[in-house]
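For reference, the structure discussed in these notes is given below.
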Amino acid sequence: MGPMDYESNSWIWDGVYYYPHLFGGLMLTAALLGFSTSYFSGIGVPSLPFFWSDFGIFQKRKSEKKRIRVYMDGCFDLMHFGHANALRQAKALGDELVVGVVSDEEIIANKGPPVLPMEERLALVSGLKWVDEVIANAPYAITEQFMNRLFNEHKIDYIIHGDDPCLLPDGTDAYALAKKAGRYKQIKRTEGVSSTDIVGRILSSMNDATNSEDHNATSLNGDSMKESPSHGALSHFLPTSHRIVQFSNGRGPGPNARIVYIDGAFDLFHAGHIEILKIARQLGDFLLVGIHNDQTVSNLRGKQFPIMHLHERSLSVLGCRYVDEVIIGAPWEITRDMITTFNISLVVHGTVAENNSFAGDSDPYAVPKSMGIFKLLESPKTITTTSIAKRIVANHDAFKKRNAKKVESEKKYYAEKKYICGD
């Protein structure tokens with residue numbers, strides 16, 4: 001008996017196991033029918049597998065297999081590809097992923113002030129392709145009351161967290177109760193990036209002159225910045241083709257698909273990016289996103305940008321549920337050849353961007369405009385990379401103090417780190 005034969009007849013064994021009395025009755029009936037048809041040869045009886053399968057009882061048992069629901073929580077402040085990869089891994093441990101977003105008050109009490117308010121963090125988490133449901137204002141620690149709510153109200157089977165320790169101010173494990181209940185699973189932390197690291201990059205790109213009387217000289221667009229990560233500060237992220245494949249949808253557009261193209265830096269991926277990508281995706285069947293390389297971004301915005309490197313920014317965009325494909329290192333100017341190569345039907349750009357005044361007389365959208373396939377989209381949010389960085393500047397002391405504490409825990413983690421299988 002081959003594999004296919006076993007699969008096609010496995011319903012019989014399911015019947016014997018789950019419905020012994022009913023199955024026995026059917027066998028007796030079948031025997032009598034078989035005898036009567038051999039005696040009265042003119043009567044035709046349908047073959048038993050087809051006849052019994054019409055009852056649908058065994059298939060129903062199969063279809064009733066319980067879907068595994070997993071829960072993962074976090075602050076998700078300054079959302080980055082490390083967060084996205086954690087949620088991707090969590091989703092792989094079940095069928096449905098429910099994500100808890102910790103409240104602003106809980107973050108302040110346990111870690112210090114968040115950069116992004118709850119509304120923006122919710123938008124970012126909801127915009128990830130692996131997330132099925134979101135719980136707002138989740139507690140920082142898994143209390144017994146909240147754990148019971150997860151199990152009973154949200155039907156959660158397992159609680160997920162990374163291999164890095166999550167300690168409460170009193171030094172206890174925030175997931176101790178979930179572990180004790182036997183409902184805890186662990187994933188591998190994504191190396192090379194953290195919210196602490198990103199805040200550090202921003203803080204290290206400025207000096208004390210940012211609060212001087214000359215606002216223009218000390219703004220994030222001025223000359224008071226140190227070298228950007230692309231020129232000075234090192235990133236610990238090691239991009240691999242495997243990671244890109246994990247984030248990719250793995251499919252291209254259909255032969256008659258309406259392909260929409262939007263480009264940009266997408267630095268410090270934020271709620272404004274999510275909203276404009278959502279609008280762009282609604283205008284067609286396939287959303288292609290061009291991501292400018294580090295040198296292009298630096299030339300346009302200043303040497304302190306980009307905060308995130310090209311591959312970091314690419315993964316953040318690929319994790320968005322509205323994005324189908326990205327061009328890593330997209331050209332600044334959109335040419336006719338590029339439009340033909342990718343079969344682009346519409347080119348869009350938002351009204352809110354870091355720099356909508358193009359250098360010199362060169363308009364990167366001149367060609368699609370001349371072809372009548374360009375559309376300017378009204379940006380639903382006014383958030384920009386610079387505006388987020390300015391929030392950190394405005395609370396320089398608070399974030400510097402918060403980071404100093406976190407940096408020490410990061411050093412300890414890496415000093416004691418051991419290899420953990422996973423991806």
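Of note:
- Packing, taken as the mean count of other beta carbons within 10 Å per residue, orders the peptides 238-250, 102-114 from highest to lowest as 102-114, 238-250.
- Efficiency of FRET from Cβ geometry, SER126 and ARG258, R₀ 25 Å, rounded to 0.05: 0.50
- Residues of region 243-259 with amide N under 15 Å of a point placed 7 Å along Cα→Cβ from ASN343: 251-259
- For the residue pairs LYS111/LYS278; LYS91/LYS179; LYS129/LYS180, the alpha carbons lie more than 24 Å apart in LYS111/LYS278; LYS129/LYS180.
- The protection proxy used here, the mean number of other Cβ atoms lying within 10 Å of each residue, ranks peptides 306-314, 344-352 as follows, highest first: 306-314, 344-352.
- Potential lengthening of the chain between LYS66 and ARG336 amounts to 92.1 nm, from the contour at 0.36 nm per residue minus the alpha-carbon distance.
- Couplings 3J(HN,Hα) of region 173-187, computed from phi: 6, 5, 10, 4, 5, 5, 5, 5, 6, x, 10, 10, 10, 10, 10 Hz, in residue order, whole Hz [Karplus 6.51 cos²θ - 1.76 cosθ + 1.60, θ = phi - 60°; x for Gly and Pro].
- With each label modelled as a point 7 angstrom along the Cα→C-beta vector, the LEU376-ASN395 pair spans 3.5 nm.
- Accessible solvent surface per residue of region 69-187, calculated while the other protein chains remain in place, 1.4 angstrom probe, Å²: 39
- One decimal place: the segment LEU238-THR143 gains 30.6 nm when fully extended, by the rule 0.36 nm per residue minus the C-alpha distance.
- The stretch between GLN186 and LEU300 holds 36.8 nm of extra length on full extension. This uses 0.36 nm per residue minus the Cα-Cα distance.
- Pair ASP173, ASP285: separation of 7 Å Cα→Cβ label points (nm): 5.1
The values are calculated or read from the model by the stated rules, or taken from the named source; none is laboratory data. Every value quoted in this text rests on a predicted model; they were computed, and no experiment measured them. With ideal geometry, Cβ positions are generated from the backbone for all residues, glycine too; neighbour counts draw on all protein chains shown. Each accessible area value is taken on the protein alone, full model and side chains, heavy atoms only, with ligands, DNA and RNA left out. Shrake-Rupley method; radii C 1.70, N 1.55, O 1.52, S 1.80 Å.
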